[in-house]
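The values are calculated or read from the model by the stated rules, or taken from the named source; none is laboratory data. Keep in mind it's a predicted model, so treat the numbers as computed, not measured. With ideal geometry, Cβ positions are generated from the backbone for all residues, glycine too; neighbour counts draw on all protein chains shown. For the accessible areas, the whole protein counts, side chains as well, though only heavy atoms, and no ligand, DNA or RNA atoms are used. Shrake-Rupley method; radii C 1.70, N 1.55, O 1.52, S 1.80 Å.
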Amino acid sequence: MSMNLQVTIDKDSGFCFGVVYAIDMAEEILEEEGYLYCLGDIVHNDEEVARLRKKGLRIIGHSDLPSLKNEKVLIRAHGESPETYRIAMDNGITLIDASCPVVLKLQNRIKTSYDEKEKILIFGKHGHAEVVGLQGQTHGEALVFQDIAELDDVELPSKFTLYSQTTKSTDKFYSIKEELSRRGYEVKANDTICRQVSNRYEDLATFAKQFDCIVFVSGKKSSNGKVLFDVCKSNNERSCFISGPEELELGFFHDGEKIGICGATSTPMWLMEDVKQALEAM
Ligand code: SF4
């Protein structure tokens, strides 16, 4: 017997323009040439990566780049550090640069700060591709931290410039800024959080409250996925995080409930539609 769930997909969820741009660029070349190398996962979503792999996308790591010669390599929305551009030039590699314009602008701002001899702190996830690219603008000199507690035992300069990875939480960024000022530092804070993510907080909070439960669809590696899921969870206790329809748990839902589906900026609409179908078939 069917559970008769009433399922609605959030129309504002799904790819941000940066991801749309990178995937469109990849698909165009794949159609013409049959294959294309991409440095790192094109998007933090395994299902979408698998779809593009079938079309000929070849994901490579940074350690593979030096052995590649005279090929085309796509740079994804997260951007790259100057080192990658240098290796590509040495090897005759044509970079298809799909770095998101928002990330490129942030890279330029950090580079300018660095050239002006400012001390730089970046609030971002250690090892995240975007953060590696940002730190690369400063020859690795910028201090990256993902939690204010990491700064407790570090001797900081009395005056510095604070930047943020584009997908961090704005609330956290401003509370860090205040805490650092309270500790007596002169902080020049640049809120460089992408509005494609932060503008979703309010919409998602409103969306999450309208349903009995929320199914949030996202890859586990997506930074904004974690932030946006927290928004759902704090507005609707019955929110669950899944990466695909196979992770849906029957026991979580009750007959006739209203279910809202939403996702990260890296979640494809087709995947949310698959989840909707699976819920409707329960
Ligand atoms: S979240 Fe913002 S910065 Fe990141 S790829 Fe999308 S549009 Fe660009």
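Structural remarks
- One residue from S164, S181 being open to solvent by less than 90 Å² (accessible area, probe 1.4 Å) and in contact with an Asp or Glu (Cβ under 9 Å, 6 or more places away or on another chain): S164
- The set of residues in the stretch 79-129 being within 16 Å of the ligand (Cβ to nearest atom) and open to solvent by 40 Å² or more (accessible area, probe 1.4 Å) consists of D97, P101, V102, L104, K105, N108, R109, K125.
- Test: residue in the stretch 169-178 that is part of a loop (DSSP other than H, G, I, E, B), at pLDDT below 95 and either within 16 Å of the chain's Cα centre (by Cα) or within 16 Å of the ligand (Cβ to nearest atom) (or both): yes
- Counted residues, the stretch 27-49 - those being more than 18 Å from the chain's Cα centre (by Cα) and assigned to a helix (DSSP H, G or I): 7
- Checking the stretch 230-237 against the condition returns no match, with no residue being open to solvent by less than 40 Å² (accessible area, probe 1.4 Å), under 19 Å from L151 (Cβ atoms), at pLDDT 95 or above and part of a helix (DSSP H, G or I).
- The criterion of being open to solvent by less than 30 Å² (accessible area, probe 1.4 Å), aliphatic (A, V, I, L, M) and at pLDDT below 95 does not hold for V7.
- F211 falls short of the stated requirement of being over 18 Å from the mean Cα position of the chain (by Cα), in a helix (DSSP H, G or I), closer than 17 Å to I9 by Cα and away from the ligand (no atom under 13 Å from the Cβ).
- In the stretch 141-161, residue nearest to E80 (Cα to Cα) [restricted to those that are open to solvent by 70 Å² or more (accessible area, probe 1.4 Å) and more than 19 Å from the chain's Cα centre (by Cα)]: E141
- Taken over the stretch 81-137, the residue count meeting the criterion of being without any contact (Cβ under 8 Å) to a residue 40 or more places away in the chain and of a type in the set (G, A, S) is 4.
- Exactly one residue among L52, L106, L95, L74 is outside the structural domain of L36 (by TED's automatic domain parsing) and either out of contact with any Pro (no Cβ under 8 Å at 6 or more places or on another chain) or not in a helix (DSSP H, G or I) (or both), and that residue is L106.
- Inspection of the stretch 59-72 identifies no residue that is open to solvent by 20 Å² or more (accessible area, probe 1.4 Å) and within 16 Å of the ligand (Cβ to nearest atom).
- Residue count for the stretch 258-282, restricted to those that are over 20 Å from L52 (Cα atoms) and either part of a helix (DSSP H, G or I) or open to solvent by 20 Å² or more (accessible area, probe 1.4 Å) (or both): 8.
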